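Scroll down for the structure; my scribbles are underneath it.
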Number of protein chains: 2
Amino acid sequence: MDWEKISTELSTDTPSKIILLVMDGLGGLPHNGKTALEAALTPHLDNLAAKSACGLSEPVFMGITPGSGPAHLSLFGYDPLKHTLGRGILEALGLGVEVGKNDMVARGNFATHKENMITDRRAGRIPTSENVQLCEKINAFLESREEPRIKVYPGKEHRFVVKFSGENLCDALSDADPQKENKPRAYSQPLDDEAQKTAQVVNSFLDDLTDFLKDSTPANTALLRGFSKHPSLPSMQDLYKLRPVALANYPMYKGLAKLIGMAIVDAGPEIEDLFDALDDIYSDYNFFYIHVKKPDAAGEDGNYDAKKAAIEETDTYIPRLMGKNSDVLVVTSDHSTPSSLKSHSWHPNPFMLHGPTAMPDAVARFSERTCSQGYLGRFQAIYAMPLMLAHAGKLKKYGA
Amino acid sequence: MDWEKISTELSTDTPSKIILLVMDGLGGLPHNGKTALEAALTPHLDNLAAKSACGLSEPVFMGITPGSGPAHLSLFGYDPLKHTLGRGILEALGLGVEVGKNDMVARGNFATHKENMITDRRAGRIPTSENVQLCEKINAFLESREEPRIKVYPGKEHRFVVKFSGENLCDALSDADPQKENKPRAYSQPLDDEAQKTAQVVNSFLDDLTDFLKDSTPANTALLRGFSKHPSLPSMQDLYKLRPVALANYPMYKGLAKLIGMAIVDAGPEIEDLFDALDDIYSDYNFFYIHVKKPDAAGEDGNYDAKKAAIEETDTYIPRLMGKNSDVLVVTSDHSTPSSLKSHSWHPNPFMLHGPTAMPDAVARFSERTCSQGYLGRFQAIYAMPLMLAHAGKLKKYGA
């Protein structure tokens, strides 16, 4: 099915409002018989579930553990098997680096070489503070260069992002990384003819950088991976005729939302800040993506109790969401993050949809297992968007 | 999956019989906590459900509200995203106009122009009786014309259908409709080279008609929309090796069935007439499509009580269906029509399949919400046909 084509034809601009609350990494696995969501005291989520149509959504398809990119794309109705976001772009978004139409980014590692042989791919995991200082010096050095302009952005420890800005850059490039230690420094190879010139730019930058760092220890060279240009995704305005806005604390989710045309609200760092911001801008938009990171962060840390607490904290804000009386209110997740796995997983997401045209079912507790008994059944997350638009009265009839 | 190719390879001609009862627009939304189907007293449907495998079927995909065309096509195993039926063809079928391989049809509005400016796109919604008289006069005038032959068919109020019959007609034509009033009369534009000649035919017909109607008020011209030729659909005989028949009261459903090769039985106007007709022809066919319009009509009218009554009336005939002891008996719908929306909706259809190889589940009441708990789960309606054929022992094994 070509949902992008169909949505462009069927969607209409209406004032009706849709709120989508994403509790990142919500789903989990039982610990002493209960998942963190099952163990959490969630009177407000449960009250909402009792009035909602519930189900389980598959981010990609059964068995596939998604990264944050595909998990979010599918929630917004973008086929995650068709649209891929390069690692470079996600890393850049995560650091809050602006990526424009003429930019190309890549992930970098500071590394150590000895007579051109890579002896440490992570330069002894230098402290982040050292990374920050190195990047400052490198940027000063790079300022004198002509087009394309190049800038580096420090991440944690040995990690950084490099951005090339100029005309006709092409990201069809192999990684400039020998993958293993005790191999020679690697250059990026063009993967098609168009990328020849960009490969030269990248490789001369690597040589210049290595030369510039010759007296630095242990970080005296760099590896580059995941070259990616700005992905040309159709916007939610074009596809759905929405006025969408993202309320998120973390750069990556803001960046991802921006890629598909959402306005970005700079809220404070706490969950409460998101809901305060919602109050402020509620009359300005008609699609509200609210991203709560805490359950995922706790799951990644393997901290079941912290995850339960993050869910309980979020629960206290549900009455404020319900108070908006939006036409559609969905609470779900992008992917599961069981604390027992300390990572994303392939398990589907609890999903509930509330609104005047939703069919309430017998599910009166919001959890992984109760939602599996809901009216919506088990469905691919890419259908969440058609479903929300339909329930908001924003989709015309298909065919006569 | 290419079901058309697979069905052609796997289907076999057997005497086993399949009955498909379509209760049009059956699904709804709760009113005082119950849908019309939930509120209706349906002892026979419930008895059948208790012995059947139940589920919910999606006409197109989640969130998509189908027109009658795509909703029915999917029930008969035709991908509604691949096969589209033009508005003209559906309007023609609805008026009982025969559309053959060399015919092209369009929807018409009688309209009013003043010095070539359209002043009323509906000619003041002239009474149907006036429309009938106008069409008679126009057809008499048109009889003298050479190929392609042109004939008009009156609909309700200002609406009519026009049929062009001749060789090499092409329906790649824009609407001959200015869309808004106080704009000049519009001509049809060819959308590709092949349609050049047909556009001339259509536009000279419009000029001739406008000239012929010059002394008529208020209907002194016409607008034409939705040009469509006979769609070339593979037949159910070719795909499934069935001998199929349609039992329906309404022209549109008979016409649609005819497009895919079904025989048509002219039954009387009541629900009972359909079941009487079934008795008469039961030995002649092995696939019986029975179409009950009433629940949809009541839903479109926003009449919850009438919808409930239509469901209860249909329920009384279920024992006659069960008495046939067909190999497969399916009761479902084409799409939902909640009376609260007064229109088709995107909600899935209750579905039950009865027969010796069906897996009875715990569903003992036929409704939207109980069916969501059934053995068949929530599935796309295009799978109804493979399922019916399989349960009737008409599909060979796929692969060795």
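How far is helix B:128-142 tilted off the main Cα axis of chain B, in degrees rounded to 10, range 0 to 90?
For B:128-142 against chain B, the angle is about 60 degrees.
Using the 7 Å Cα-to-Cβ label point, sort the distances from residue B:258 to its equivalents in the other copies shortest first and give them in nm to one decimal.
6.1
Picking from A:259, A:234, A:271, whose Cα lies most toward the positive end of the charge dipole for the range A:231-277 (charges on Cβ: Lys, Arg +1; Asp, Glu -1)?
Ranked along the dipole, the leading option is A:234.
Could you please rank A:72, A:335, placing first whichever residue has the fewest other Cβ atoms within 10 Å of its Cβ?
Ranked by crowding around the Cβ, least crowded first: A:72, A:335.
What ranking do B:157, A:167 get, fewest neighbouring Cβ atoms within 10 angstrom at the top?
A:167, B:157
So what is the 222 nm mean residue ellipticity for chain B from helices alone, if each DSSP H run of at least 4 adds -39500 (n - 2.57) and you divide by all residues, rounding to the nearest 500 deg cm²/dmol?
-9000 deg cm²/dmol
Let me know the whole percent of all Cα-Cα pairs from the protein assembly as shown that are separated by more than 34 Å.
Result for the distance tail: 60 percent.
Ranked by Cβ crowding within 10 angstrom, fewest neighbours first, how are A:345, B:52 ordered?
A:345, B:52
Taking only Cα atoms, what is the 0 to 90° angle, nearest 10, from helix B:304-315's long axis to the longest principal axis of chain B?
So the inclination is approximately 60 degrees.
Search the structure for amide H atoms under 5 Å from the amide H of residue B:380, placed 1.01 Å from N in the peptide plane, and list their residues when 5 or more places away or on another chain.
When sequence neighbours closer than 5 places are left aside, the close amide H contacts are B:58.
Longer than 24 Å from Cα to Cα, which of A:82/A:254; A:5/B:82; A:51/A:342; A:5/A:241; A:151/A:214 are they? Say none if no pair is.
The answer is A:51/A:342.
In terms of modelled amide H atoms, which long-range or inter-chain residues lie less than 5 Å from the amide H of residue A:126?
A:158
Among A:110, A:186, A:169, flag the residue with its Cα farthest along the positive direction of the charge dipole of the range A:90-229, charges on Cβ as +1 for Lys/Arg and -1 for Asp/Glu.
So the residue we want is A:110.
Summarise the partner chain shielding of B:55-63 as one whole number: the mean count of Cβ atoms from other chains within 10 Å of each residue's Cβ.
Whole-number average of other-chain Cβ neighbours for B:55-63 is 6.
Which residue of chain B is nearest the rotation axis onto chain A, counting by its Cβ, and what is the distance in whole Å?
Closest to the rotation axis on chain B: B:377, 3.
Spelling out what I want: for every residue of the range B:103-120, take phi, set θ = phi - 60°, compute 6.51 cos²θ - 1.76 cosθ + 1.60 (Karplus), and round to whole Hz; glycine and proline get x.
9, 10, 10, 8, 7, x, 10, 6, 9, 10, 10, 10, 6, 6, 9, 6, 9, 8
So, with +1 on the Cβ of K and R and -1 on the Cβ of D and E, and no other charges, what is the size of the charge dipole of the protein assembly as shown about its Cα centre, to the nearest 20 debye?
Here the protein assembly as shown has a charge dipole of around 680 debye.
Cα-Cα pairs above 24 Å in the range B:46-202: how many percent?
Percentage above 24 Å: 48.
Would you mind checking which residues have amide H under 5 Å from residue B:287's amide H? H placed 1.01 Å from N; only 5 or more apart, or other chain.
Sorted by chain and number, the residues that satisfy this are B:18, B:243, B:245.
Can you run phi through the Karplus equation (6.51, -1.76, 1.60; θ = phi - 60°) for the range A:345-351 and list ³J(HN,Hα) in whole Hz, with x for Gly and Pro?
Rounded to whole hertz, the list is 9, 8, 5, x, 9, x, 9.
Between copies, how far does the label point of residue A:128 sit from its twins, in nm, shortest first, when each point is 7 Å from Cα along Cα→Cβ?
Reported distances to equivalent positions: 7.5 nm.
Over the Cα atoms of the range A:153-282, each weighted equally, I'd like the Debye log10 I(q)/I(0) at q = 0.09, 0.12 Å⁻¹, rounded to two decimals.
Log10 of I(q)/I(0), two decimals: -0.43, -0.69.
Under a cut-off of 20 Å between alpha-carbon atoms, report the aspartates and glutamates in cross-link reach of residue A:180, not counting same-chain residues fewer than 8 places apart.
Within the straight-line cut-off, residue A:180 pairs with A:115, A:120, A:157, A:207.
When chain A is modelled as a GNM with alpha-carbon springs shorter than 10 Å, which of A:266, A:192, A:208 fluctuates the most?
Answer for the Gaussian network model of chain A: A:192.
Could you tell me how far the Cα centroid of the range B:79-107 sits from the Cα centroid of the range A:1-40, in Å?
After rounding, the separation between the Cα centres reads 38 Å.
For chain A, take the longest principal axis of its alpha carbons; what is the angle in degrees between that and the long axis of helix A:196-212, to the nearest 10 within 0 to 90?
70
Highest GNM mean-square fluctuation, chain A, Cα pairs closer than 10 Å: which of A:348, A:251, A:59?
Maximum among the listed residues: A:251.
Treating chain A as a set of equal point scatterers at the Cα positions, no solvent, please give the Debye-formula log₁₀ I(q)/I(0) at q = 0.10 Å⁻¹.
-0.72
Please figure out what share of the DSSP beta bridges in chain A is antiparallel and state it in percent, rounded to the nearest 5.
Here the share of antiparallel DSSP bridges comes out near 60 percent.
Looking at chain B as a GNM with Cα springs under 10 Å, which of B:381, B:140, B:111 has the largest mean-square fluctuation?
It is B:140.
Given the C-alpha centroids of the range A:281-311 and the range A:216-263, what is the distance between them in whole angstrom?
Rounded to whole Å, the Cα centres lie 19 Å apart.
Throughout, read-outs are computed from the coordinates displayed, never taken from laboratory work. Values in this document were obtained by computation on a predicted structure and should not be read as measured data. All Cβ positions, even for glycine, are placed from backbone atoms using ideal geometry, and neighbour counts span all protein chains on display.
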